[in-house]
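This report concerns only the one structure given below.
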Amino acid sequence: MRRRVERGRISAARDPERPEPDAASSGLTPAEAASRLARFGPNDPLPPRRSPLAGQLMPSLTNPLVAILLLASGVAFLAGERLNAWLIVLMIALSVGLNFWQTYRSRRAADRLQARVAPRARVRRAGKEEIVPRGEVVPGDLVLLAAGDLVPADAVLLEARDLHVLEAPLTGESAPAEKSPSASDPAEAEKPFGPGRVYLGTSVVSGTGLARVTSTGRATAFGEIASHLSSKAPETEFDRGTRQFGLLIMRTVFFLVLFILLVHLALGRPALDSLLFALAVAVGLTPEFLPAITSVTLAQGAIRMGREKVIVKHLAAIQNFGSIDILCSDKTGTLTTGDVAIDRSIDPLGAPSPEPLRLGWLNSSLETGILSPLDDALRAAPAPEEAGEWRKLDEIPFDFERRRLSIVVERAGRRLLITKGAPESVLSCCASYEVRGRREPLDEAARKRCEAIFRERSAEGDRVLAVAFREPEEQSAYGSRDEKDLVLAGYLTFIDPLRADAAACVAAFKRDGVKVKILTGDNELVARHVCAAVGLAEGKILLGTDIDRMLDGALAHAAERTSLFARVTPAQKSRILLALKRRGHVVGFLGDGINDAPSLHAADVGISVATAVDVARDAAEIILLEKDLAVLHSGILEGRKAFGNVMKYLRMGTSSNFGNMLSMAAASAFLPFLPMLPTQILLNNFLYDLAQVTIPTDNVDPADVRKPHRWDIAGIRDFMIFLGPVSSVFDFATFGALRTFWHAGPALFQTGWFVESLATQTLVLFVIRTSGNPFRSRPSAPLAATTIGVVAAGIALPFLPLAGRLGFVPLPLPFWLFLAAMTGAYLTAAELVKRRLFRKHRS
């Protein structure tokens with residue numbers, strides 16, 4: 001699962017609803033951060049990636065089964081079995097080639113989608129500003145930095161304005177470091193993590209800067225860490241399921257092959273023939289196309305998700321995406337449109353007043369942090385007449401301990417400290433209030449009246465900012481300690497309309513087995529109003545103060561039963577996500593801010609948007625081209641379809657292969673000849689795999705995407721154990737008919753079973769691919785074509801010129817009538833067993 005983040009305080013010029021970034025906006029230890037950062041481009045601090053061709057071909061060639069088969073081919077060649085040797089090589093070449101071609105094409109298409117959301121950097125070259133992929137940044141480039149950017153390389157600062165950089169991935173220090181070019185003299189520039197330098201892997205919290213790149217890739221501080229530390233990525237649920245499935249197959253193959261070898265040697269069969277036969281059985285039992293089918297299915301799923309405006313950065317995330325049963329998100333931009341507009345500017349007692357808007361505009365227009373939607377709305381308002389006369393002196397950035405931001409300005413020798421932020425936070429710093437130009441002390445009675453005004457507006461669904469001011473003493477710099485004895489100027493209220501489809505989207509998630517939980521930094525009154533409007537006001541609300549008093553066990557219990565969490569910080573969000581994961585849920589988190597990175601890491605699936613800051617996009621595994629719950633819902637359903645098709649291959653492959661190989665092992669012990677030649681087994685296996693290469697295109701039943709599905713190794717095992725022997729029963733009936741009615745010798749027996757085996761195990765896909773009635777669930781056209789085409793090829797093989805070399809002979813007409821009856825009976829029996837198995841594992 002994802003990495004747990006440390007809790008800490010961070011400063012950022014943000015709206016009070018925005019969460020605080022935790023220790024390490026990237027949420028990683030240095031070793032983990034080095035490993036994670038190494039995913040992008042040639043300038044990243046890990047060894048260069050292989051070419052796409054090599055990257056896809058090498059896993060196929062280094063497959064252990066392929067190596068064993070090549071060894072067997074060499075042994076056969078030296079023993080004089082040259083035809084068998086070359087046929088084995090041919091089967092290997094065809095399988096590897098098909099695997100490579102399918103995977104390569106799909107990966108290329110998926111890579112093109114991922115390139116759309118690759119990290120980028122703003123550089124100034126030849127006096128012009130450009131946006132380039134991060135991997136193209138080179139020493140000497142001038143890099144422009146702003147709040148929310150990832151620093152693309154190690155660099156020396158040339159200019160900076162209120163620049164604060166989070167260096168936790170390198171230093172472990174949770175507080176952001178203030179940066180200034182004034183310290184960039186030669187001696188200071190050589191000092192590690194000095195104030196005049198910025199580093200690859202760190203992120204900008206607030207302010208702006210211009211820096212000259214000094215080193216990239218391996219030459220950076222991050223590159224040095226990456227060269228000394230190796231951190232394996234944490235195992236995802238998909239990885240764990242694949243590993244468990246591999247162990248299941250490995251154990252089954254080992255015991256079956258050992259049984260065949262011992263029986264054959266005990267019966268005095270030739271050792272070479274026995275070895276080749278046992279290896280062929282191993283290949284026949286093993287779903288060696290699993291990597292190809294999985295890669296192609298997930299890549300095709302990524303392509304379909306791309307059409308739904310969902311970009312997948314890592315293919316393995318698709319399974320986790322489809323398995324999400326809890327989605328956590330902020331309300332802004334998901335339940336609401338995010339198009340925030342100013343509604344009212346009122347004095348502390350609720351009467352209209354222009355003063356809060358004038359002061360709020362000055363504060364927002366001069367701040368250098370990441371602008372919130374509230375800031376955007378303020379900046380869009382008409383500027384005060386004297387706006388150009390004010391000069392900024394200093395800024396006290398926003399943080400979630402204070403929940404406010406202050407700007408110190410000067411005009412005609414008069415200094416003014418202007419504070420805006422969460423009403424409770426600003427009111428706590430006020431000693432008086434101003435109404436119609438008259439100041440009054442903020443005593444207990446007045447404070448309650450002022451609080452009642454903003455609570456009333458919040459209960460109506462408005463977002464509220466308090467604005468206050470004072471005239472500070474002259475000094476060189478200002479800090480949070482100067483936010484005292486303020487005069488409350490009033491409130492600014494904002495409207496953020498609900499999305500027209502918000503209620504329908506929430507209902508769709510609920511219908512499809514995903515609970516939506518809102519984690520917001522806004523106050524509980526606004527949050528309750530919005531959530532009630534979309535059908536999410538169920539149960540009590542948990543506040544950040546409540547969460548701080550809870551132990552992890554109590555929080556996990558409460559989090560499952562709560563849909564709305566208000567006034568929560570990023571550290572608290574991460575605790576909520578981890579608590580839900582401990583209860584066995586697959587948790588998705590949707591975030592787009594610099595302070596959302598810890599939560600994106602803590603979730604099973606981090607989801608961000610294309611317009612998010614670099615830090616959030618880097619932390620996420622899924623990128624939405626639109627911040628819309630409907631887009632996210634469509635993506636989750638596509639993820640379920642992709643995973644469902646992988647499961648089809650596993651259920652079909654394990655059950656059919658196990659049944660056939662069980663029949664082969666039993667028959668080889670009692671027949672005076674091999675029931676099928678090694679080359680025939682390999683050809684049968686190749687044709688069977690060929691029929692399944694189009695599984696990624698198959699349709700998925702609506703019932704299978706209505707709820708999240710997870711790896712079910714027990715279910716796959718039961719399909720193998722119970723459905724496999726069903727096919728063996730019909731195989732034994734075929735054996736008996738061939739020997740009894742047609743007195744079949746080796747060639748006729750092997751040909752008859754080859755055709756019967758291929759027909760039954762291939763056509764059963766139409767039964768296993770759906771949990772319902774196979775006549776009502778239509779397969780995709782490509783899957784139907786390859787399946788029927790392979791069966792037709794198997795029927796035609798005994799009549800082709802190559803038949804003799806493969807050991808095949810023409811079959812008598814009565815056998816074909818027998819084959820049709822046996823196939824129909826087997827598919828009927830498979831349907832009955834399949835329904836019982838699906839009922840068992842869905843109960």
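The values are calculated or read from the model by the stated rules, or taken from the named source; none is laboratory data. Quantities reported herein were computed from a predicted structural model and do not represent experimental measurements. Virtual Cβ from ideal backbone geometry, glycine too; neighbours counted across all protein chains shown. What goes into the accessible areas is simple: the full protein's heavy atoms, side chains included, and nothing from ligands, DNA or RNA. Shrake-Rupley method; radii C 1.70, N 1.55, O 1.52, S 1.80 Å.
Residue by residue, here is whether (1) closer than 30 Å to residue 334 by Cα; (2) among the aromatic types (Phe, Trp, Tyr) holds:
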site: 356; (1), (2): yes, no
site: 364; (1), (2): yes, no
site: 374; (1), (2): yes, no
site: 390; (1), (2): no, yes
site: 398; (1), (2): yes, yes
site: 401; (1), (2): yes, no
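Of everything in segment 700-742, what is among the acidic types (Asp, Glu), open to solvent by less than 30 Å² (accessible area, probe 1.4 Å) and over 19 Å from residue 816 (Cα atoms)? Give them in sequence order. 701, 704, 718, listed by residue number. Against the condition at pLDDT 85 or above and either open to solvent by 20 Å² or more (accessible area, probe 1.4 Å) or of a type in the set (A, V, I, L, M, F, W, C) (or both), how does residue 650 come out, does it pass? The answer is no for residue 650. Taking the conditions exactly as written (crowded, with 24+ Cβ neighbours inside 10 Å, modelled with pLDDT of 90 or more, of a type in the set (A, V, I, L, M) and in a helix (DSSP H, G or I)), does residue 580 satisfy them or not? So residue 580 passes the test.
Scanning segment 372-393 for residues that are at pLDDT below 90, buried (at least 19 other Cβ atoms within 10 Å of the Cβ) and not in a helix (DSSP H, G or I) yields one hit, 372. Only one entry of 798, 779 meets the criterion of being open to solvent by 20 Å² or more (accessible area, probe 1.4 Å) and either in a helix (DSSP H, G or I) or under 29 Å from residue 651 (Cβ atoms) (or both), and that entry is 779. Residues that are more than 33 Å from the chain's Cα centre (by Cα) and either surrounded by 20 or more Cβ atoms within 10 Å (Cβ to Cβ) or at pLDDT below 65 (or both) number at least 3 in the following helices (runs of 4 or more DSSP H) confined to segment 162-242: 186-189.
Quick check: anything in segment 405-414 touching a residue at least 24 places away in the same chain (Cβ under 8 Å) and closer than 20 Å to residue 451 by Cα? The answer is yes; a qualifying residue exists.
Results for (1) surrounded by 23 or more Cβ atoms within 10 Å (Cβ to Cβ); (2) assigned to a helix (DSSP H, G or I); (3) within 15 Å of the chain's Cα centre (by Cα), shown as yes or no for each residue.
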position	(1), (2), (3)
626	no, no, no
630	no, yes, no
640	yes, yes, yes
656	yes, yes, no
662	no, yes, no
665	no, yes, no
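Contact map, segment 806-818: residues that are farther than 21 Å from residue 683 by Cα and assigned to a loop (DSSP other than H, G, I, E, B) paired with residues that are open to solvent by 20 Å² or more (accessible area, probe 1.4 Å) and modelled with pLDDT under 95, Cβ distance under 7 Å, separation 6+ or inter-chain. Pairs shown: 812/742. Screening residue 396 on (1) among the aliphatic types (A, V, I, L, M); (2) within 30 Å of residue 498 (Cβ to Cβ); (3) touching a Leu at 6+ places or on another chain (Cβ under 8 Å); (4) buried (at least 20 other Cβ atoms within 10 Å of the Cβ) shows it passes everything except condition (2).
Scanning segment 540-563 for residues that are under 24 Å from residue 586 (Cβ atoms), open to solvent by 60 Å² or more (accessible area, probe 1.4 Å) and either assigned to a loop (DSSP other than H, G, I, E, B) or at pLDDT below 85 (or both) turns up 551, 561. Scanning segment 447-502 for residues that are open to solvent by 10 Å² or more (accessible area, probe 1.4 Å), of a type in the set (A, V, I, L, M) and over 27 Å from residue 532 (Cβ atoms) yields one hit, 477. Scanning segment 303-351 for residues that are in a helix (DSSP H, G or I) and of a type in the set (Val, Ile, Thr), we see that the one that is least open to solvent (accessible area, probe 1.4 Å) is 318. For segment 496-519, the set of residues classified as hydrophobic (A, V, I, L, M, F, W, C) and part of a loop (DSSP other than H, G, I, E, B) consists of 500, 514, listed by residue number.
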